[in-house]
Number of protein chains: 2
Amino acid sequence: MEMREETERLMKLQEKMSAYRSAMSLMNYDGDTTAPAKTAENRAHAMGILTAELYGMNTAKETVELLDHLQEHVDELDEKTRRMTALMLKNIREMEKIPKAEYVSYRQLLVKAGAVWHEAKEKSDFKLFEPYLQQIFDAKKRFAGYCAPDMHPYDYLLDQYEEGLTIADCDRFFGTLKKHIVPLLSKIASRPKPDNGVLQGDFPDAVQEKLAYWLMEILGLDLQHVGLGTTEHPFTTSIGSHHDVRITTRYVPDRFDRSMFSVIHEGGHALYESHVSDSLAYTVLDGGASMSIHESQSRFYENLIGRSRAFMEILLPKLSELIPEKAEGVSTEDLYRAVNRIEPTLIRTEADEVTYSLHVMVRYELEKAVLSGDLSVHELPEAWNRLYREYLGIDVPDDRRGILQDSHWSGGLIGYFPSYALGNAYGAQFRQLMKKTVDIDACVRKGDLAAVNEWNRRNIWQYGRIYAPADLLKRVLKAPFDPEAYTSYLEEKYGELYGF
Amino acid sequence: MEMREETERLMKLQEKMSAYRSAMSLMNYDGDTTAPAKTAENRAHAMGILTAELYGMNTAKETVELLDHLQEHVDELDEKTRRMTALMLKNIREMEKIPKAEYVSYRQLLVKAGAVWHEAKEKSDFKLFEPYLQQIFDAKKRFAGYCAPDMHPYDYLLDQYEEGLTIADCDRFFGTLKKHIVPLLSKIASRPKPDNGVLQGDFPDAVQEKLAYWLMEILGLDLQHVGLGTTEHPFTTSIGSHHDVRITTRYVPDRFDRSMFSVIHEGGHALYESHVSDSLAYTVLDGGASMSIHESQSRFYENLIGRSRAFMEILLPKLSELIPEKAEGVSTEDLYRAVNRIEPTLIRTEADEVTYSLHVMVRYELEKAVLSGDLSVHELPEAWNRLYREYLGIDVPDDRRGILQDSHWSGGLIGYFPSYALGNAYGAQFRQLMKKTVDIDACVRKGDLAAVNEWNRRNIWQYGRIYAPADLLKRVLKAPFDPEAYTSYLEEKYGELYGF
């Protein structure tokens, strides 16, 4: 009986915290989409206060006592409550281990680092950013030391984004990818490149927006609960709970495929977010299991659906309606080849399906080297450029299109990148399984993804964060994770497409 | 010395509260502009929690003790701190007097009443809304009894929106207006109506948006700190402080003047909000002195500037650029007459300068009668229709375009309407004064309102809520408030325009 009362208190506490997170998500979303240009400082003022309030709520004596008490009676708790307790305690334990003053000055460092990174990127000058990046790596190392003194600091950081992920896992995983992707890429390079002129032109925002809403409908998103905004860097966020999800996109005037694939990608995230079980709303379990599981969904829709032959059959008629002058005389096969043109390029976010993971590997190797003490922050640009030559065979002309392209490090996101590549691989293995019961291509051709979405909902989405990512994978796959599902998919698809 | 420390605590407390208000303003703004259709419940969940937190902060023992202590040492406080203390105490005293359960059920009533009003308006059926409106009037009367047992309940309610305003003030004020406006209107009615065909057509949103941004620039708004959104019912709100202000508008496809004047109106509110002294940011003094002072600014720009001859001289070239087919062959005089066509109509928000106050008077008389016990809620529609015939000479065909047109009562805003008419009158008297040192028309013709804005900033805007509205008026006018400044303005302007 007692535990019922404590469980209720835990739920109330989470509801309260979710209101603060809701406010902060909305402030971030508004800042990136709608807010006037010079209102960031004003927003930071309110967010600073709400963050401190949330911190106080997390570390309050009664919170810690409640969670400790629940933890002591863990056997009497149901699965959900056990997981909530564990996740909240883990978070609090770490907050407690880092001296508050250090944590505050780290948060302040990030605010400055973000602005400096922007400027450094604009000026294409790593030297400006270097002292900040040095401090960020130093702080991360120190925090790892406080929180997990017996772990390699990079193992600790990987675990922040993907519970349980280690350097050993990544080395093995990336080793497999490399073994397949590098030779695949060199075979592709020897063939003529498909023409992608159909993707190029001059596409007004209003037309691209119509395409975006059509895509959201095709994906099966509920537009009563999922909104679309525009922004510089597309993202997905939920506001307070999975009942209100927002995706964003950016309309590139001369390439309609940029926004198209970003809408499908973010739409995949939004499908996941908005299909978490209603019983998890306003709790810490309302969201994706991990970043890589999240990416498995976004990249599943973006690539496995959106870049499939079947999808071209419904896309082409829509393009004929929206941009008749471009679509005229184009076959679904032309379109399929255009959106699957493989080419090593400089920018990760614009990379194709085959080269994408190589971009991630570069970042992984560099993070690992710095955190192992084998590389200094000062040496990063040179090492970056060397690895781009080695993995992708291209020369990086400047820092802007090299080491400074991503915002992650300036925001303290070190250890995050591997999620993207893992997501690709999980998605391919999910697809293998799904195909046993769902005719994916037939669904796509009908423009009705209900059966596909239902498979994902039943197996993945509904659970939110109830399971750790590794446990969720085990439940879904009922077999070990096998990155070769992904590499075989690439080899088959592009072997057929490029004719080898 | 001691007071310095207490003052600092007061500032910190206000900063903290401003973060919560910031979050809630943004949630409201987002809900009215951007949020997906069915996310209101989710938003209400977070807002309920944050409202309760803010309520708790306001009524906390340490808050009350701090304010009481400051109040006891009021002579040692500077003007600003004195005013903050007084305003916060007034607010808290009222919160304390209303039983919490009654307050909570009243807030819940309003949520339901809003939805029912929407439905009733759509169906044009007052009967649906009547029981809710009855409960709202009952609650307001009860609250007035708790908080100010010795006052007439309507005096108490008027004071909520316009500190110090009484029935006696309003009767005198509206009496003066009526004496002038009724005969003015009947003279106008005897003349031919100016043609306003230039305002009618088919105007794409994108074109109207261009006009809106041009207007914001002409007004002298800083677009780095003031944003524009679209919504069903235009409004202005600041997010956390005057450093981030949002206005909204609605594009009516067949009448570009609807959005144009709403942008100028909301732009006037935004000028006021964003020019409060920086020293008042994140305090309870960051905002307009009262609703009527606020309306004096919005309607100053909308009517005294936006419907002036001088303004037509810069508007016409812009229209020639944006809607050349409509502007062709139109003179500034044609345009001036078109935007100043006087005509009794059913809807307050679309009313012209002369009839506007009559719409307000109808509402004032009805609120007063109900709160005096002279009229029942049940009799309201009949009384409404009778007064529209009496004051405006028109028949109200249905509840939708009659008693149900405004959202105010469903939101509990009883006693608010007189602010609109007072604002008109204040603005006219401000203009008389301003003209002594500023050549308003010359500024408008140059398309540079800097001198006009500076007059308003120096006399009104910078002070925020430091002064009670009556005190601010006294400081600015250095003479008693004289509604005849307003009626003379109307008589001169429309006498000249209609030739009598």
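The values are calculated or read from the model by the stated rules, or taken from the named source; none is laboratory data. All values reported here derive from a predicted model rather than from experimental measurement. Note: ideal-geometry Cβ built from the backbone for every residue, glycine included; neighbour counts use all protein chains shown. Side chains are part of the model used for accessible areas, which takes the heavy atoms of the whole protein and leaves out ligands, DNA and RNA. Shrake-Rupley method; radii C 1.70, N 1.55, O 1.52, S 1.80 Å.
Annotation for the range B:250-288 versus the range A:4-29: alpha-carbon center distance of 33 Å. Taking amide H as placed 1.01 Å from N in the peptide plane, A:THR230 has its amide H under 5 Å from the amide H of A:THR249, each at least 5 places away in sequence or on another chain.
Counting only other chain Cβ atoms within 10 Å of each residue's Cβ, the peptide A:149-156 averages 0. The alpha carbons of chain A stretch over 69, 51, 49 Å along the principal axes, in descending order. Where both bridge residues fall in chain B, DSSP classifies roughly 45% of the beta bridges as antiparallel.
Before we go on, tell me the buried accessible area for the A/B pair, both chains summed, 1.4 Å probe, in Å² to the nearest 100.
Details: alone 22190 and 22140 Å², together 41490 Å².
Approximately 2800 Å² gets buried when A meets B.
Taken as Cα centroids, the range B:380-394 and the range A:40-96 sit 59 Å apart, rounded to the nearest whole angstrom.
Scoring B:422-432, B:146-156 by mean Cβ neighbours within 10 Å over their residues and listing the highest first yields B:422-432, B:146-156.
Mean shadow of the range B:249-320, computed from the convex hull of its alpha carbons, in nm²? It would help to have the intermediate numbers written out before the result.
Numbers: hull surface 24.2 nm².
Mean projected area of the Cα convex hull: 6.0 nm².
Neighbouring Cβ atoms from other chains, within 10 Å of the Cβ of residues in A:21-32, number 5 on average. Sorted from greatest to least, the principal axis extents spanned by the alpha carbons of the range A:337-422 come out as 44, 26, 19 Å. Straight-line cross-link partners of B:LYS478 among the lysines, defined as a Cα under 16 Å from its Cα and at least 8 positions apart when in the same chain: B:LYS435, B:LYS436.
Nearest 5 percent is fine: what portion of the DSSP beta bridges confined to the protein assembly as shown is antiparallel?
Values: 8 of 18 bridges.
Around 45 percent of the beta bridges assigned by DSSP in the protein assembly as shown are antiparallel ones.
With a 10 Å radius around each residue's Cβ, average the other Cβ atoms per peptide and rank B:206-215, A:3-12, highest first.
Averaged packing, sorted descending, gives the order B:206-215, A:3-12.
Its Kirkwood hydrodynamic radius, worked out from the mean inverse distance over all distinct Cα pairs, puts the range B:183-291 at 15.6 Å. Roughly how many whole Å is it from the C-alpha centroid of the range B:422-500 to that of the range A:180-203? Comparing the Cα centres of the range B:422-500 and the range A:180-203, I get a distance of 67 Å. A label point on A:GLU209, set 7 Å along the Cα-to-Cβ line, lies at 0.5 nm from each of its counterparts in the other copies, closest listed first. In terms of the mean number of neighbouring beta-carbon atoms within 10 Å, the peptides A:221-230, B:250-259 order highest first as A:221-230, B:250-259.
Run lengths n ≥ 4 of DSSP H only: what is the helix-derived mean residue ellipticity at 222 nm for chain A, with -39500 (n - 2.57) per run over all residues, to the nearest 500? Mind showing how you got there, number by number?
Values: 21 runs with 312 residues, N = 500.
The per-residue figure over chain A is -20500 deg cm²/dmol.
Taking every alpha-carbon pair within the protein assembly as shown, the share separated by more than 47 Å comes to 37 percent. Spin-label pair B:LYS193-B:ALA442: with each label point 7 Å from Cα along the Cα-Cβ axis, the two points sit 3.9 nm from one another. Here r is the Cβ-Cβ distance between B:MET57 and A:THR59 and R0 is 25 Å; the resulting FRET efficiency, rounded to 0.05, is 0.85. For the residue pairs A:LYS12/B:LYS140; B:LYS112/B:LYS140; A:LYS210/A:LYS493; B:LYS121/B:LYS178, the C-alpha atoms sit more than 22 angstrom apart in A:LYS12/B:LYS140; A:LYS210/A:LYS493; B:LYS121/B:LYS178. Rounded to whole Å, the principal axis extents of the Cα atoms in the range B:1-106 read 53, 29, 18, largest first.
Peptide B:46-54 is shielded by partner chain Cβ atoms: per residue, an average of 5 of them sit within 10 Å of its Cβ.
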